[in-house]
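One structure is given below, encoded as structure tokens.
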Amino acid sequence: MSPRGLIRRFPVLAIRDFRLLLADRLIAPASVGFSLVGVSFAVLKATNSATDLSYVLAAQIAPSLIFALIGGVAADRFRAQRVIVVANLMMALGEGTFGILVLTGNPPLWAMMGLEAVTGTGVAIFYPASQALLPRLVPDDLLQEASALSRLVMNTGQMAGAAVAGLLVAATSAGFALVLCGIGMISTVPWLLSIRAGRERPRPGADAPAAPSMFTELREGWSEFRSHTWLWVIVAQFCVVMMAWYGAFSVLGPVVAKAHLGGPAAWGAITAADAFGLIAGGVVSLRFIPRRPMLFVVLTGAAIAISPLSLAMVLPLPAVCLASFGLGVFVEMMMVQWTVAMARNIPPDKLARVSSYDVLGTVMAMPAGALIAGPLGTAIGISRAQYGAAAVIVVASALALIPRDIRTIRNNDAGIRHAGDEPPPGEDDPAAALKTYQPPVPYLPG
């Protein structure tokens, strides 16, 4: 299809800054794909210990407990693309240096943990800024399309990176994968700095009141976050889901791959299958709009239990890859709905801060999951630990269905309202409702 044909099919591609963002969202996730494979097998080769891998991955997640909130405030104060540049350079420093140490010797555990903490700080700063940037570049009526295309490009990059990294690590060394991750992250900087849009808060003049303190801004973000029942309930659900998944899949998964499935190449194939599923989910999301988006999000969270179950059962590699692919499809559709719901229902000047509470709540228990998984797997067996994680995921998701908002919010609502808000035109007048009704975008059944 010609460039003009693409723009006619996807009008959001006519926006220059959005095209620059897509370049970053292809290169950076491809680099992350190299990290996903490289870190785990670098640690396993150096220590041959699932417990040590737990410590390293916990060190990667732990900075989110602090820096996600700081990143949210920074992204609401400054241009989000500049915050992402800082985050990408931190990830380049952490993974690139880790790779050099692997290539030149046998890095000690403390060094691996320290460098992954640097990488994790970059990841923590990145997420709220990334959530805030897209709505600043595209109009609201193109947000669903922009979100789906953006995530489609991201997942394509991650799939390609993970697949190549698996082959590279199997043939050479995990150090090369980590160095390439660092180089890729650095290469995103020119694309991000070329983005011209993206609001930056005006600096106060001599007679203007001083800008609010960071703590004041965090309190404002917290008040907005807790005012949406659907938001904090789902974040609480995914706090438990991600804790169980991270320990059972990200920590114990490479151990299963090494012992039963074929090592780094197999783990690269599983990661790539998941990313390929994410790509397919992104394509579906260009047309798919579930009737009850929050119910869809919660049920998809329950389906994440498939991931540790497929490894606990030690299914053949093609079956594990198929499970990862299928789960990836639904997770991507869920993420598009979540991104759009956040952008449409959170005030733009608070979106980065609210997103920082989203990421903090989602990942705050992941270090515990990582720290528990290795010793627990050693004590009771890898498969039993993974079965237990799947059960925890299902129970947490069932509890998230209790609040009425989760089950009743519909996607054709103009927005998610609070008690005391004025009803939209036509809600109490059937005749007016017929006049103001706009048919929703067609969705696939289900």
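Counting only residues that are assigned to a helix (DSSP H, G or I) and open to solvent by 20 Å² or more (accessible area, probe 1.4 Å), the range 29-49 holds 7 of them. Just to be sure I understand, how many residues within the range 343-397 are under 19 Å from Met294 (Cα atoms) and of a type in the set (Gly, Ala, Ser)? The number of residues fulfilling the criteria is 5. For the subset of the range 91-119 comprising residues that are more than 12 Å from Val39 (Cβ to Cβ), outside any helix (DSSP H, G or I) and not small (Gly, Ala, Ser), which member is modelled with the highest pLDDT? So the residue we want is Pro108.
Residues that are modelled with pLDDT under 85 and among the polar types (S, T, N, Q) within the range 206-234 comprise Ser213, Thr216, listed in sequence order. Annotation note: of Leu299, Leu261, Leu309, Leu327, the sole residue that is under 26 Å from Leu44 (Cα atoms), surrounded by fewer than 23 Cβ atoms within 10 Å (Cβ to Cβ) and modelled with pLDDT of 90 or more is Leu309. Is it the case, given these coordinates, that Val395 is of a type in the set (A, V, I, L, M, F, W, C) and closer than 30 Å to Asp140 by Cβ? For Val395, the condition - of a type in the set (A, V, I, L, M, F, W, C) and closer than 30 Å to Asp140 by Cβ - is not met. Can you confirm whether Arg291 is outside any helix (DSSP H, G or I) and surrounded by fewer than 20 Cβ atoms within 10 Å (Cβ to Cβ)? Yes.
Among the candidates Ala385, Ala390, which residue alone is open to solvent by less than 50 Å² (accessible area, probe 1.4 Å), in a helix (DSSP H, G or I), modelled with pLDDT of 85 or more and touching a Pro at 6+ places or on another chain (Cβ under 7 Å)? Matching residue, one of Ala385, Ala390: Ala390.
The values are calculated or read from the model by the stated rules, or taken from the named source; none is laboratory data. Because the structure is predicted, anything quoted here is derived from the model rather than measured. Every residue, glycine as well, gets a Cβ built from its backbone with ideal geometry; the counts of neighbours run over all protein chains shown. What goes into the accessible areas is simple: the full protein's heavy atoms, side chains included, and nothing from ligands, DNA or RNA. Shrake-Rupley method; radii C 1.70, N 1.55, O 1.52, S 1.80 Å.
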